[in-house]
Amino acid sequence: MGVGCSNLSLSPSAFPPLKAATTSRPSRYTNPFPFSPLNSTSLQYHYCPCTSFTMSLAPSSIPSQLAAWKPGGSDEVLSDEFLEKVVSDALVWSALHGLVVGDRSNSRSGKVPGVGMVHAPFALTPTPLPMSYWRQACELAPLFNELVDRVSLDADFLQNSLSRTKKVDEFTGRLLEIHLQMLSLDKKEEIRLGLHRSDYMVDSETDMLYQIELNTISSSFPGLGSLVADLHRNVLGHYGQDLGLDSRNVPENPAVSQFAKALANAWSEYNASRDGHSVSVVYFRAGYTPNDYPSETEWRARLLIESSSAVKCPSIAYHLVGTKKIQQELAKPDILERFVENKDHVAALRKCFAGLWSLDNDEIVRTAMDKPELFVLKPQREGGGNNIYGTDVREMLIKLRNEGNDGLAAYILMQRIFPKDSLSYLIRDGISHTEKTISELGIYGAYLRNKDKVIINEQSGYLMRTKVSSSNEGGVAAGFAVLDSVYLT
Ligand code: ADP
Ligand code: MG
């Protein structure tokens with residue numbers, strides 16, 4: 001979601017159904033990557049922006065009764081009565097503190113301020129995360145911030161890496177065109193502002209924290225994410241003893257204020273060197289999917305903004321760095337070293353790269369056709385609901401191969417991550433559902449520099465998203481994702 005904006009289109013129906021995002025482990029797990037990241041040092045990289053999180057609901061699959069489960073691992077059973085009270089308090093807190101989204105079922109929602117709001121879907125209690133992963137993810141934030149900046153300055157790398165993609169992906173092609181136009185004007189962005197979110201999952205097979213993607217445009221939920229952490233501290237403040245949880249283990253989440261601070265500082269930097277009333281900072285809440293450009297008018301607007309002297313968040317170059325193709329290119333051997341001098345930093349970045357491959361790698365395409373459940377096939381799209389999983393991977397690969405080589409360039413293959421599941425109370429539409437879930441940790445990063453001076457380079461809060469992990473053999477996921485926070489263990 002956009003910075004500091006309460007997104008009125010965030011109602012459940014706004015989320016595309018989870019596309020077979022099953023996380024059930026294949027029954028006989030064998031490492032399909034003998035020549036790849038899992039057992040070599042050439043681990044991968046991966047990237048992209050995203051604004052929404054995936055959410056779908058299969059109503060009949062959700063038990064209505066509150067669970068006989070106590071957070072924190074105790075065998076003790078919490079009574080339905082107690083849980084109803086906690087849920088009720090959490091719902092009141094949400095309404096009072098603006099943990100709300102637009103209600104699509106209300107036609108006036110989003111049109112009349114203050115009308116048609118429902119609480120955002122949330123997990124009743126924060127999700128446990130070992131401190132070591134938390135530290136690792138937080139320490140990576142400034143490294144990724146710096147990496148994005150470095151890569152954004154290498155125009156040839158961006159243009160060359162995306163040259164094949166652009167032939168088959170018109171949207172990426174248009175973005176590259178704007179980038180080329182700026183190069184022909186020799187346009188330099190002296191003040192550069194990045195508000196990123198790097199997403200991770202912990203792979204239960206390897207116990208590794210792997211990056212899912214890096215968002216460089218419209219990184220969503222700093223506002224609601226901060227609120228959910230507050231909600232959880234409040235719930236644990238009241239009921240922590242009964243739940244066996246301590247509110248001090250929920251880290252502060254200053255995402256919204258730190259992003260706001262970065263925007264304000266960018267404004268100051270711009271105005272320090274100029275007079276008048278020109279637009280100083282442009283924040284893109286949209287512009288990351290083809291749907292945001294229904295006509296040439298939107299493309300002209302994007303070009304106009306890019307041509308202007310305003311600070312762009314993101315600039316076209318930052319936007320391109322966040323594409324999945326660039327994520328995959330950065331994961332190739334020896335590429336990170338071109339952008340990062342410090343060897344420890346290179347190692348730390350590479351450690352979180354899962355397997356990433358382009359589809360011109362015949363060997364990996366064959367492996368993916370053979371064991372599609374161990375891969376995710378990703379097009380150059382952001383915003384959720386675009387990835388391909390399970391047997392659909394095989395079918396799509398066969399189709400793309402039959403159609404000829406170019407179509408393959410629109411996609412990358414990624415090693416599938418299998419997070420460990422746990423039980424959660426997911427609250428949606430005022431109702432609690434007890435589900436087996438998996439979680440994805442997003443770490444926000446803010447970066448601001450003016451020429452050689454780095455003004456901000458920091459980790460700026462976090463977002464936990466939790467979704468139902470179950471799915472049937474057909475791979476159709478049942479359940480929904482909710483906003484969550486972290487419980488450090
Ligand atoms: P988007 O730009 O659409 O957000 P992502 O790369 O973040 O693209 O993928 C969307 C969702 O798919 C993620 O939030 C995650 O739940 C799931 N996902 C993506 N990559 C993987 C992976 N390698 N293994 C398991 N799940 C994945
Ligand atoms: Mg994503």
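Packing, taken as the mean count of other beta carbons within 10 Å per residue, orders the peptides 406-414, 219-227, 368-376 from highest to lowest as 219-227, 406-414, 368-376.
A dipole drawn for the stretch 270-345 from +1 and -1 charges on Cβ atoms has a positive end, and of THR297, LEU336, TYR270 the residue lying farthest that way is THR297. For the peptides 289-300, 328-339, 206-217, 347-358, residues were scored by their other Cβ atoms within 10 Å and the scores averaged per peptide; the highest-first order is 206-217, 347-358, 328-339, 289-300.
For a 18 Å ceiling on Cα separation, which of these pairs sit above it: LYS166/LYS324; LYS188/LYS343; LYS188/LYS451? Violating the 18 Å Cα-Cα cut-off are LYS188/LYS343.
Relative to the Cα centre, the charge distribution of the stretch 131-192, modelled as +1 at Lys and Arg Cβ and -1 at Asp and Glu Cβ, gives a dipole magnitude of about 160 debye. Residues in the stretch 245-341 average 46 Å² of solvent-accessible surface per residue, probe 1.4 Å, ligands and nucleic acids excluded.
Electrostatic bookkeeping for GLN328 treats Lys and Arg as +1 and Asp and Glu as -1; over the other residues with beta carbon under 13 Å from its beta carbon, the sum is +2. Shown for the stretch 92-140: the carbon plus sulfur share of the solvent-accessible area, taken with all protein chains present and a 1.4 angstrom probe, equals 57%.
Taking Lys and Arg as +1 and Asp and Glu as -1, the other residues whose beta-carbon sits under 11 Å from that of VAL202 total -3. Local charge for LEU224 was computed over the other residues whose Cβ lies under 12 Å away, with Lys and Arg +1 and Asp and Glu -1, and equals -1.
The values are calculated or read from the model by the stated rules, or taken from the named source; none is laboratory data. Predicted model, so just to flag it, every value in this text is computed and none were measured. Quick reminder, even Gly has a Cβ in these numbers, built from the backbone with ideal geometry, and neighbours come from all protein chains shown. Areas reflect the complete protein model, heavy atoms only, side chains present, ligands, DNA and RNA absent. Shrake-Rupley method; radii C 1.70, N 1.55, O 1.52, S 1.80 Å.
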